[in-house]
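Read the figures in this text as sums done on the coordinates, not as results from a lab. Owing to the predicted nature of the structure, the values given are computational and were not obtained by experimental measurement. When we count neighbours, we look across all protein chains shown, and the Cβ atoms used for this are built from the backbone with ideal geometry, even at glycine.
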Amino acid sequence: MALKILTALDHAKTQYYHFKAIIVAGMGLLTDSYDLFCITPVMKLIGRIYYDAIDGKPGATPPAVVSTIVAVSLVGTVIGQLVFGVLGDRAGRRRVYGISLILMIASSFASGFSICRSRSCVLTSLCFFRFVLGIGIGGDYPLSATIMSEFANKRTRGSFIAAVFSMQGFGILASSGVTMAVAAAFDRATKSSSASDEPLHTPEAADLAWRIILMIGAIPAALTFYWRIAMPETARYTALVEQDVIKATNDMGKVLADFDFHNFVEESEALQRPPRATPTYGLFSKQFLQRHGRNLFACATAWFIVDIPYYSNTLFQSHIYQPWFPPAEKVNAFQEAFNVAKFQAIIAIASTIPGYFATVYFIDRAGRRRIQMTGFFFMAVFLFALAAPYDKYWHNHTNGLFIVLYSSTFFFSNFGPNTTTFIVPAELFPARFRTTCHGISGASGKVGAIIGAIGFLWASQQRNKEALKPGWKPGIGMMYALIILGGVCIIGAIHTYIFTPETKMRSLEDNEAGEGQDQDGEEINVRKHFASNSLGAASAVHPFCGRSPLQSCPS
């Protein structure tokens with residue numbers, strides 16, 4: 001019975017509910033990228049408002065403060081991925097899915113509210129609320145990926161999960177569009193004052209503008225709240241973890257049209273599968289390490305590696321857009337924020353979103369492993385192309401070719417490891433460990449993001465103290481930072497080739513077994529499957545200690 005419903009899910013036709021699940025699950029990822037990318041222009045506004053102009057240059061948020069605000073949200077994301085990953089396997093995906101969304105909605109709104117107007121109070125409260133926001137965003141990663149993987153059929157599962165992740169690209173576009181609209185509206189509204197024409201003058205209304213930008217980030221997540229809490233539990237969790245096959249069948253029958261696995265043409269395939277006892281090992285057991293330790297290492301390490309160059313490249317944008325836009329001292333606060341958001345929108349439209357779309361199209365054709373290796377390789381190629389002549393040429397000639405090379409690194413990160421590292425952990429692990437292992441992998445990635453966003457932001461600074469802006473310390477320089485990042489990508493390609501298995505066109509249960517698969521993911525004759533019988537409560541096990549539910553886990 002259990003095998004029949006899982007087989008039916010693997011072969012179900014693509015239908016309306018799959019696309020609805022993409023939108024509902026993707027709103028969390030959209031909120032994630034919205035809040036990540038809107039903070040850059042917001043910090044420009046905060047710097048103008050709360051810091052004094054020096055030597056004819058407008059006030060700017062100190063680098064240490066910017067680094068702290070970025071770091072606290074990433075630390076929150078690490079915690080959220082670990083905590084909600086565990087909760088997703090213990091309490092169920094659906095039960096905790098709404099909680100992560102509530103955290104995102106409340107903290108996005110509170111980030112703009114920020115309770116006070118003094119500099120220290122504003123920055124402290126902003127750090128706190130963005131930390132909570134990071135927890136909510138972190139929780140959304142393993143839940144969204146797992147829910148989509150467990151609802152999807154095996155033919156288009158990769159495309160569906162990639163489509164969920166691609167909502168990040170639209171989040172970047174949304175944050176840029178909202179920032180530009182708010183900045184332009186406030187700029188026009190404050191033009192009546194003669195003082196507002198002076199670039200160094202920042203109207204009091206700017207304190208409202210950045211709050212509005214942050215608070216709007218709560219709207220996309222709030223729009224899908226009802227549909228998220230109304231989603232049924234995934235059939236795989238209900239059947240394999242809760243051991244309630246009848247409920248799983250009824251739930252799928254409510255959301256998937258023509259769901260009748262009794263008349264399913266592949267039913268004979270299920271009947272041929274030999275029975276097998278439900279595994280009894282726990283997460284922290286030797287058996288788990290033997291069966292899934294290599295895959296967990298592959299996923300966590302690849303995610304860690306890719307987030308180092310991805311997040312460091314994001315923060316290098318300030319070095320790149322400066323030659324293309326007027327200096328800060330010649331524009332007012334709203335115009336500066338507008339220009340920063342405009343540049344982010346250009347990069348998103350030219351490279352980031354096309355990279356996501358390419359993955360959606362090719363992921364179930366070329367496979368995860370090939371795309372991940374290709375992405376790492378070309379990221380390295382373009383980073384080395386930027387690094388080699390940077391000090392002698394690119395530093396003073398950030399022309400169109402430079403932008404093309406820079407944009408290409410974003411294209412191949414999204415048509416590559418930035419997307420595949422989100423997909424593969426949702427396909428490799430048993431149902432009772434799936435969100436936990438995805439959370440561990442994602443948390444490893446965000447540790448890499450902290451290294452990239454904070455470490456390389458400071459490391460990329462020039463070695464000449466006289467050329468540094470106030471608040472910065474000498475670093476190794478952009479050229480050497482880019483060379484190191486290119487080397488990191490080469491390591492990522494090698495790691496993928498050695499450790500990452502292929503999961504395309506295979507059921508989640510076949511991927512979990514890890515057998516009957518060649519290097520490119522093609523199925524061969526010998527296949528391992530889960531049992532279709534012995535699914536009573538007595539055979540159920542706790543997902544962490546491996547004991548029967550009639551026994552309590554040791555403290």
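Here is the link list: K254/K286; K247/K504; K247/K286; K57/K446; K342/K504. Which ones come out longer than 31 Å on Cα distance?
Violating the 31 Å Cα-Cα cut-off are K254/K286; K247/K286; K57/K446; K342/K504.
Sorted by average packing, counted as other Cβ atoms within 10 angstrom per residue and highest first, what order do 175-187, 243-255 take?
Highest to lowest by the protection proxy: 175-187, 243-255.
May I ask you to evaluate 6.51 cos²θ - 1.76 cosθ + 1.60, the Karplus curve with θ = phi - 60°, for each residue of segment 221-228 and list the ³J(HN,Hα) values in order in whole Hz, giving x for glycine and proline?
Coupling constants for segment 221-228: 5, 5, 5, 9, 4, 4, 5, 5 Hz.
Between Y361 and M215, what is the label-to-label distance in nm when each label sits 7 Å out along the Cα-to-Cβ direction?
4.1 nm
Please give the Cα centre distance for segment 401-419 versus segment 9-79, rounded to the nearest Å.
19 Å
For segment 138-155, just list the computed ³J(HN,Hα) in residue order, Karplus coefficients 6.51, -1.76 and 1.60, θ = phi - 60°, integers in Hz, with x standing in for Gly and Pro.
x, x, 6, 4, x, 6, 5, 5, 5, 4, 5, 5, 7, 8, 7, 7, 6, 6
How far is it, in nm, from the label point at Q287 to the one at I498 when both lie 7 Å from their Cα along the line to the Cβ?
3.0 nm
Around M43, with a cut-off of 15 angstrom between Cβ atoms, what is the net charge of the other residues, counting Lys and Arg +1 and Asp and Glu -1? Spell out each step's value before the answer.
Values: positive: K44, R48, R119, R130, R211, K469; negative: D35, D207, E336.
Value of the local net charge: +3.
For a Förster distance of 22 Å, can you work out the FRET efficiency between the beta-carbons of L401 and A184, rounded to the nearest 0.05?
According to the calculation, E is roughly 0.15.
How much length is gained on full extension from A64 to K13, taking 0.36 nm per residue of separation minus their Cα-Cα distance?
13.2 nm
What are the ³J(HN,Hα) couplings of segment 237-254, residue after residue, when phi is run through the Karplus curve with 6.51, -1.76, 1.60 and θ = phi - 60°? Round to Hz, x for glycine and proline.
Once θ is set to phi - 60°, the couplings for segment 237-254 become 5, 5, 7, 8, 9, 7, 6, 10, 5, 5, 5, 4, 5, 5, 4, 5, x, 6 Hz.
So between I102 and K254, what do we pick up on full extension, going 0.36 nm a residue minus the alpha carbon distance?
Working: separation 152, 0.36 × 152 = 54.72 nm, distance 2.56 nm.
Additional length available on full extension: 52.2 nm.
Grab the Cα-Cα distance for W472 and F297, subtract it from 0.36 nm times how many residues apart they are, and report the gain in nm with one decimal.
Length gained between W472 and F297: 59.4 nm.
Would you calculate the separation in nanometres between label points at L223 and L208, each defined as 7 Å from the Cα along the Cα-to-beta-carbon direction?
2.5 nm
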